1. First compute the accessible area of the chain with a 1.4 Å probe, then give the percent of it belonging to carbon and sulfur atoms.
2. Can you tally the lysine pairs in the chain where the Cα-Cα distance is under 25 Å and the two residues are eight or more apart, or on different chains?
3. Where Lys and Arg each count +1 and Asp and Glu each count -1, what net charge lies around ALA159 among other residues with Cβ under 13 Å from its Cβ?
4. Please say if the chain is rounded, prolate or oblate, where rounded means a/c under 1.5 for a ≥ b ≥ c the square roots of the C-alpha gyration tensor eigenvalues, and otherwise the choice is prolate for a/b larger than b/c and oblate otherwise?
5. Can you give the calculated 222 nm mean residue ellipticity of the chain, where each DSSP H run of n ≥ 4 adds -39,500 (n - 2.57) and the sum is split over every residue, rounded to the nearest 500 deg cm²/dmol?
6. Send over a whole-number figure in Å² for the accessible area per residue of the stretch 107-181, probe 1.4 Å.
7. Rounded, prolate or oblate: which fits the stretch 1-122 when a ≥ b ≥ c are the square roots of the eigenvalues of the alpha-carbon gyration tensor, with rounded for a/c under 1.5 and prolate only if a/b beats b/c?
8. For LEU61, tell me the accessible area in Å² from a 1.4 Å probe, rounded to the nearest 10.
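The values are calculated or read from the model by the stated rules, or taken from the named source; none is laboratory data. Remember, predicted model here, so these are calculated numbers, not experimental data. A quick note on method: Cβ atoms are made from the backbone with ideal geometry, for glycine too, and the neighbour counts reach across all protein chains shown. Accessible surface areas use protein heavy atoms only, side chains included; no ligands, DNA or RNA. Shrake-Rupley method; radii C 1.70, N 1.55, O 1.52, S 1.80 Å.
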Amino acid sequence: MKLLLHPLAMPIYTFALYLEIERQSYVVDYMSMIWLQASLLTMMLLVCYLSCRNFKDQSPLLNIHSTPLAKVILAIAMTAVYLFITFCFVVKRTNTWGASFTLLIYVIPTWLNIISGDAAARMFPSASDSFFARCNAAPPAYIGALSGYTIMIGYKTSADTFWPFVISLLMITLYATFCSKPADDTDNTDKNTPPSAAPQLYWYGIGIAQTVFLMYDA
């Protein structure tokens, strides 16, 4: 379940949805798409692996206790990956509207992740009790970006994206429920207690909002 809801799975889902929309328009080059998907997956996993290895920690996209430096370095690396794949491959090899957004909608959530979790409390002590500090932004905001993408690509291309949107709602429900389960050890400190569902939903809404804003006037 954790792998299915991992932030880096969201761009793969978005790309798969876009590929299905393009398939419906009978213009898709499957071999190009397979190579593109493989390149995207390889580069994302490599960046995530290197960040975990360098900081000897769980991915800064998931670990609420990651330092601001770890999150900044990962954000720079992931942004470079998204921009490289988008401008070198996606736009040139696809035809349906929305190609340029399949990865770019995840840039802002990646940077928002820097001001979430313990990093927010370290950089802004006054925000230590806010929803910013209660969970990492990346997982729910990435799912929100996927939801926003299904809304906008359906709106702009007149494609039926109802069920992909419903699936994205189920994903955030599962994630919020999973992260809101009480800790097994009742003696754990508050720092180690899973956050409530509310912060997850705030970040989810922000993820949707930024995607709709980016794609609406395109």
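1. Carbon with sulfur: 67 percent of the solvent-accessible area.
2. Within the chain, the lysine pair count is 9.
3. -1
4. It comes out prolate by the Cα gyration axes.
5. Helices in the chain give a 222 nm mean residue ellipticity of -20000 deg cm²/dmol.
6. 43 Å²
7. prolate
8. 0 Å²
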